[in-house]
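These notes concern the structure reproduced below.
The values are calculated or read from the model by the stated rules, or taken from the named source; none is laboratory data. On a predicted model such as this, the values are computed, not experimentally measured, just so you know. As a convention, Cβ positions derive from the backbone with ideal geometry for all residues, glycine included, and neighbour counts pool all protein chains shown.
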Amino acid sequence: MPARPPPLAERFALFDRTIEQMGARLLKVRHPPQMLATLRWGMEELDRTYAGTSARVRATVACRSGCDACCRVPVDVQAHEVFFAADHIQVNFSPAALADVIARLAGHRRRVAAFAAGTREHSRQTCELLHEGACSIYEGRPEACRSHHTSDAALCAAHLADPTVDISKAYIPALRARMFAVTLGLDEAIEAAGYDDRSYDFGSALHEALTNSLCLVRWMRRSAAFPDNCLSDP
């Protein structure tokens, strides 16, 4: 039987601490490198939260390299997650690899733009950043990818093939609640600081970020980071 979620007081403590610490860091941001360093702290805080979860709970996680069912469903993100991923790609990919991923993301963006209203959320597309069953930007992956863990890879595969399969049976409450408390704290702090907090399609917005250097400038000026055609629900 899965371990129960942590007490509500513990979850609120994680949430409140994350808002306070992220908010304090955002107040000091003046330039893009400072912002990226602040976003890195936030992503690392998620990793620390996972590492700080009991070993007994972490032992129930079935997620491994090559288990990629969750890399074939739509990913909704906020702008700060896109900029973090884009920076990771620009720093770590070769010019040829960067050109290749931009081309693949352009194809993703065209496919998403062609979806009829309300159909994207049920679509199944392989993430353009997936390579041989593993995430090619693992250190730069979005919050949803860092926070999602299950105890049954077979159930994930079944859900991928048939969305009516209840994947929530494989969730790990004792871990999921902690991860989402921090995720929500990060998002709340960024929203409270006045930054664009709209929900974007990850692949479409990432393509825009990698091909338009003004996106980060606009976002840091508290304007919309990406055009409406990058929204998760335009």
>> Can you report the number of residues in region 98-138 which are within 18 Å of VAL61 (Cβ to Cβ) and touching a residue at least 40 places away in the same chain (Cβ under 8 Å)?
In response: 3
>> Here are the criteria: (1) modelled with pLDDT under 95; (2) touching a Leu at 6+ places or on another chain (Cβ under 6 Å); (3) within 23 Å of ASN212 (Cβ to Cβ). Tell me which single one ALA86 does not satisfy.
In response: (1)
>> Residues to consider are ALA24, ALA9, ALA37; find the one that is over 13 Å from THR183 (Cα atoms), modelled with pLDDT under 95 and either surrounded by fewer than 19 Cβ atoms within 10 Å (Cβ to Cβ) or in contact with a Lys or Arg (Cβ under 9 Å, 6 or more places away or on another chain) (or both).
In response: ALA9
>> Looking only at region 183-202, how many residues end up being surrounded by fewer than 16 Cβ atoms within 10 Å (Cβ to Cβ) and touching a Phe, Trp or Tyr at 6+ places or on another chain (Cβ under 6 Å)?
In response: 0
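Of everything in region 139-179, what is free of Cβ contacts under 8 Å to residues at least 40 places away in the same chain and either touching a Phe, Trp or Tyr at 6+ places or on another chain (Cβ under 9 Å) or among the β-branched types (Val, Ile, Thr) (or both)? Give them in sequence order.
Of region 139-179, the ones free of Cβ contacts under 8 Å to residues at least 40 places away in the same chain are 154-155, 158, 161-162, 164-169.
Matches in region 139-179: THR164, VAL165, ILE167.
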> Of the residues that make up region 114-128, is at least one aliphatic (A, V, I, L, M), surrounded by fewer than 15 Cβ atoms within 10 Å (Cβ to Cβ) and not in a loop (DSSP other than H, G, I, E, B)?
Replying inline: no
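So which of PHE202, PHE180 ends up being within 19 Å of the chain's Cα centre (by Cα) and within 17 Å of PHE84 (Cα to Cα)?
Details: PHE180 fails: within 17 Å of PHE84 (Cα to Cα).
After ruling out the rest, the residue left standing is PHE202.
Has region 135-156 got any residue that is surrounded by 13 or more Cβ atoms within 10 Å (Cβ to Cβ) and over 29 Å from PRO5 (Cβ atoms)? Don't jump to the end; show me each part of the working.
First, pick out the residues of region 135-156 that are surrounded by 13 or more Cβ atoms within 10 Å (Cβ to Cβ): 135-137, 139-153, 155-156.
Now narrow it down to the ones that are over 29 Å from PRO5 (Cβ atoms): 136-137.
Among the residues of region 135-156, at least one is surrounded by 13 or more Cβ atoms within 10 Å (Cβ to Cβ) and over 29 Å from PRO5 (Cβ atoms), which makes the answer yes.
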>> Yes or no: region 96-113 includes at least one residue that is in a loop (DSSP other than H, G, I, E, B) and either within 12 Å of SER204 (Cβ to Cβ) or of a type in the set (A, V, I, L, M) (or both).
In response: no
> How many residues does region 39-58 contain that are touching a helix residue (DSSP H, G or I) at 6+ places or on another chain (Cβ under 8 Å) and closer than 16 Å to PRO142 by Cβ?
Replying inline: 10
> Does ALA106 satisfy the criteria of being surrounded by 13 or more Cβ atoms within 10 Å (Cβ to Cβ), modelled with pLDDT of 95 or more, in contact with a Gly (Cβ under 8 Å, 6 or more places away or on another chain) and within 30 Å of MET220 (Cβ to Cβ)?
Replying inline: no
